[in-house]
Amino acid sequence: MKLNKKSKKLYSDAIDRMQEGLEAMIDLYNEAEEDVPLIQFEKEVQQEIEKAKEKFGSSFIDGKINAIVKEVLSFLPIDDAQADQDAKD
């Protein structure tokens, strides 16, 4: 392949930009954390959630699930230091 100086410079610049992009992608990959779900729903529950989201919309169902989880968690002594100690014993 024969190139004049201008074309060679353009190719060189393009290669440099590709290299920078590749390095950025490698950095993102190296900094990535494993996505671990907070809640392990049973298969049947997942299917019911999917059906509900199709019928009522994701935002609505997400809000309902969040409200239920908040309510359940409010019954647990999460911020109580004594409860933490009792649970460990």
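The values are calculated or read from the model by the stated rules, or taken from the named source; none is laboratory data. Just so it is clear, the structure is predicted and the values come from calculations on it, not from any experiment. Don't worry about glycine lacking a Cβ; one is built from the backbone with ideal geometry, like all the others, and counts go over all protein chains shown.
Against the condition assigned by TED's automatic domain parsing to the domain that holds I68 and part of a helix (DSSP H, G or I), how does I15 come out, does it pass?
So I15 fails the test.
Does at least one position in the stretch 57-66 carry a residue that is in a helix (DSSP H, G or I), without any contact (Cβ under 8 Å) to a residue 24 or more places away in the chain and among the charged types (D, E, K, R)?
Filtering the stretch 57-66 down to residues in a helix (DSSP H, G or I) leaves 58-66.
Subset that is without any contact (Cβ under 8 Å) to a residue 24 or more places away in the chain: 58-66.
Still in the running and among the charged types (D, E, K, R): 62, 64.
There is at least one residue in the stretch 57-66 that is in a helix (DSSP H, G or I), without any contact (Cβ under 8 Å) to a residue 24 or more places away in the chain and among the charged types (D, E, K, R).
If you scan the stretch 24-57, which residues turn out to be among the acidic types (D, E) and surrounded by 10 or more Cβ atoms within 10 Å (Cβ to Cβ)?
Going residue by residue through the stretch 24-57, those that are among the acidic types (D, E) are 27, 31, 33-35, 42, 44, 48, 50, 54.
Once the filter is applied, which keeps residues that are among the acidic types (D, E) and surrounded by 10 or more Cβ atoms within 10 Å (Cβ to Cβ), the stretch 24-57 yields D27, E48, E50, E54.
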